[in-house]
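The values are calculated or read from the model by the stated rules, or taken from the named source; none is laboratory data. For clarity, every value in this text was computed on a predicted model and none was experimentally measured. Glycine also receives a Cβ, built like all others from the backbone with ideal geometry; neighbour counts cover every protein chain displayed. What goes into the accessible areas is simple: the full protein's heavy atoms, side chains included, and nothing from ligands, DNA or RNA. Shrake-Rupley method; radii C 1.70, N 1.55, O 1.52, S 1.80 Å.
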Amino acid sequence: MDQKQDYANIILTQLESIETLNSLEIAKSLSINHQDLVGCLLQLESANYIKTEGQKQDQLILTNEGTTILNSQSGEYEIYQKIPQEGISMLDLQKLFGIEQVQKVKQEQGEKKEKQIEDPKKKQFDLGFGNAKKMGYIKMDKGLISKVANDLPDKIKLELSQLNTIKLGSQQAKLLIERKLAMISTIKYFEIKKGIKYANKFREQFAALTTEQLLNGEWKECDYKSINLNAEGEKISMGNLHPLLKVRKQFSQILIGLGFEEMPTNQFVESSFWNFDALFQPQKHPARDAHDTFFCSDPELSEEVDTNLRDKVKSMHQTGGVGSIGYQYEWSHEEARKNILRTHTTAVSSKMLYRIAQLYKEKGYFPKKYFSIDKVFRNETLDATHLAEFHQIEGIVIDKNASLGQLMGIIREFFRQIGINKLWFKPTYNPYTEPSMEIYGYHPVLKKKVEIGNSGVFRPEMLAPLGIPEDVNVIAWGLGLERPTMIYYDIRDIRTMVGPEVKVETVRQNAFCVFESK
Ligand code: PHE
């Protein structure tokens with residue numbers, strides 16, 4: 001049996017006849033540290049053998065100086081002992097304590113002045129001497145110091161050795177505290193009573209019931225630890241969704257709920273053709289400059305697109321059609337083949353529209369609603385709100401009945417579902433939409449209108465070369481993913497959301513994204 005169990009049994013035996021035990025007294029009687037007893041008490045209490053109640057008590061304890069005296073003797077007593085039977089002069093007594101005498105110190109100016117050299121031994125001596133006289137150890141008669149009586153005990157040392165018998169508020173205690181030999185310290189202890197499963201002998205408790213105990217019937221005799229239903233489960237370390245992914249998921253869920261299907265976006269490198277030309281964006285447009293767009297060097301050029309489609313796009317740019325005169329310039333085949341990192345998800349939409357037009361040839365017209373959410377790239381100067389790569393969300397509706405009014409209605413519904421109810425539309429220009437509208441929303445935290453998206457009705461100059469029938473309208477809108485994410489998660493600097501400065505702990509603690517919807 002280990003020592004803890006010995007202590008446990010001693011406590012249990014004592015409880016048989018005493019109603020309330022004091023843990024301090026038990027520790028003292030066992031000559032062990034109170035702290036060492038606490039572990040044993042906890043074990044007994046969790047098994048309900050005992051009940052404890054925490055208590056506080058002020059107690060006199062020795063200071064360092066007090067401890068030194070207890071281990072040797074008091075200064076008063078030392079002086080008393082050094083005094084010879086026949087008595088001694090002050091000077092000789094001080095000598096016995098190695099105290100330097102008054103010295104004449106020559107000052108720098110040359111004048112003579114008496115100065116007592118500060119001697120800590122002297123100070124100590126004076127204190128002890130005064131006390132020794134007061135305590136009746138020594139007396140002084142005409143310059144001769146002598147003992148009052150022989151064989152007196154060291155009263156202070158004696159007092160300190162019986163510190164726990166001294167009452168806290170007593171004169172004796174006050175004096176010891178004043179002389180910095182003892183001080184008051186609050187200690188915590190326990191009052192111990194019988195528990196609901198009290199027994200006078202401690203039986204080991206098993207944490208689990210084993211097959212063996214079941215088979216040999218031992219379980220009938222065994223005590224088992226009770227289950228702590230309040231214990232917290234261990235924290236599981238696992239992967240966590242990044243805020244961008246959570247908002248992205250939420251957005252796609254809303255769009256799916258509105259009947260949109262996701263387009264394949266798995267292609268970061270795109271030809272200028274799908275990103276610009278197919279969108280009726282002229283080849284001299286400033287956005288097609290290396291200042292704004294990342295061009296690829298290997299492979300520099302993309303594969304040929306369907307030549308029939310290419311020629312239709314070319315002639316729309318050069319001379320126009322469907323009531324338009326086009327841009328009236330020499331369209332370059334090579335320029336259109338240049339590989340770039342897509343600058344917007346509208347590149348995905350243009351490709352999809354071409355595919356739909358192909359399907360119309362086989363199956364005839366059908367309306368369709370598509371969306372995409374993925375990365376796009378722009379040659380931006382990086383700052384707190386701009387990165388060179390970010391996400392766009394885009395929705396398109398292909399429908400004979402699609403109108404500007406319907407576009408505004410869908411946009412309102414989409415933003416309502418992400419908690420933005422106040423919207424404004426402002427006319428703008430896009431090469432591929434007409435009319436085009438910037439979308440503004442009221443930002444409840446910034447308390448002002450902020451631009452939240454762009455939209456429009458795709459131009460016939462874009463749709464016709466792709467093969468979309470003239471009576472089919474396509475309405476579309478797009479917005480960034482980063483800005484709403486930063487607002488919802490209160491992220492001030494985009495560089496702490498994406499890249500090496502992202503704090504894993506923040507990602508772990510972020511709430512799941514929940515948008516208010518009415
Ligand atoms: N492509 C536009 C942009 O990058 C957004 C947009 C999408 C505008 C669809 C109109 C229609 O800002």
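Report yes if Lys188 is within 30 Å of Asn33 (Cβ to Cβ), within 44 Å of the chain's Cα centre (by Cα) and open to solvent by 90 Å² or more (accessible area, probe 1.4 Å), otherwise no.
Working: within 30 Å of Asn33 (Cβ to Cβ): yes; within 44 Å of the chain's Cα centre (by Cα): yes; open to solvent by 90 Å² or more (accessible area, probe 1.4 Å): yes.
In short, yes.
Residue check: is Gly217 on the phi > 0 side of the Ramachandran plot, small (Gly, Ala, Ser) and open to solvent by less than 90 Å² (accessible area, probe 1.4 Å)? Quick ask: steps written out before the conclusion?
Details: on the phi > 0 side of the Ramachandran plot: yes; small (Gly, Ala, Ser): yes; open to solvent by less than 90 Å² (accessible area, probe 1.4 Å): yes.
Considered against the rule, which asks whether it is on the phi > 0 side of the Ramachandran plot, small (Gly, Ala, Ser) and open to solvent by less than 90 Å² (accessible area, probe 1.4 Å), Gly217 comes out as yes.
Which residue pairs have Cβ atoms under 6 Å apart, sit 6 or more places apart or on different chains, and have a first residue in segment 373-390 that is in contact (Cβ under 8 Å) with a residue 60 or more places away in the chain and a second that is among the polar types (S, T, N, Q) and away from the ligand (no atom under 13 Å from the Cβ)?
Going by the 6 Å Cβ cut-off, the qualifying pairs are Ile373/Ser252; Asp374/Thr265.
Residue check: is Arg492 surrounded by 14 or more Cβ atoms within 10 Å (Cβ to Cβ) and closer than 22 Å to Gln392 by Cα?
Values: surrounded by 14 or more Cβ atoms within 10 Å (Cβ to Cβ): no; closer than 22 Å to Gln392 by Cα: yes.
No; evaluated as a whole, the condition is false for this residue.
Are any residues in segment 443-457 more than 9 Å from the ligand (Cβ to nearest atom) and in contact with a Gly (Cβ under 9 Å, 6 or more places away or on another chain), and if so, which ones?
Here is the first cut: in segment 443-457, the ones more than 9 Å from the ligand (Cβ to nearest atom) are 443-452.
Within segment 443-457, Pro444, Lys449, Val450, Glu451, Ile452 qualify.
Could you name every one of the strands (runs of 3 or more DSSP E) located completely within segment 433-511 that has at least 1 residues being more than 29 Å from Leu279 (Cβ to Cβ)? Spell out how you get there, then give the answer.
Working: elements: 433-443, 448-458, 473-480.
Here the list reads 433-443, 448-458.
Mind checking which residues of segment 397-429 are more than 22 Å from Pro469 (Cβ to Cβ), open to solvent by less than 20 Å² (accessible area, probe 1.4 Å) and either within 13 Å of the ligand (Cβ to nearest atom) or assigned to a helix (DSSP H, G or I) (or both)? I'd like the intermediate steps shown before the answer.
Taking segment 397-429 as the starting set, the residues that turn out to be more than 22 Å from Pro469 (Cβ to Cβ) are 408-409, 411-429.
The next check asks that each one be open to solvent by less than 20 Å² (accessible area, probe 1.4 Å); those that pass are 411, 414-415, 418, 423.
Passing the criteria: Ile411, Phe414, Phe415.
Give the residue, chosen from Asn64, Asn48, that is among the polar types (S, T, N, Q), open to solvent by 30 Å² or more (accessible area, probe 1.4 Å), under 19 Å from Leu163 (Cα atoms) and modelled with pLDDT of 90 or more. I'd like the intermediate steps shown before the answer.
Working: Asn48 fails: under 19 Å from Leu163 (Cα atoms).
One residue alone meets the criteria, Asn64.
Out of Tyr440, Tyr432, which single residue is of a type outside the set (Asp, Glu), within 16 Å of the ligand (Cβ to nearest atom), touching a residue at least 60 places away in the same chain (Cβ under 8 Å) and in contact with a Lys or Arg (Cβ under 8 Å, 6 or more places away or on another chain)? Walk me through how you get there before you give the answer.
Numbers: Tyr440 fails: touching a residue at least 60 places away in the same chain (Cβ under 8 Å).
Residue meeting the stated conditions: Tyr432.
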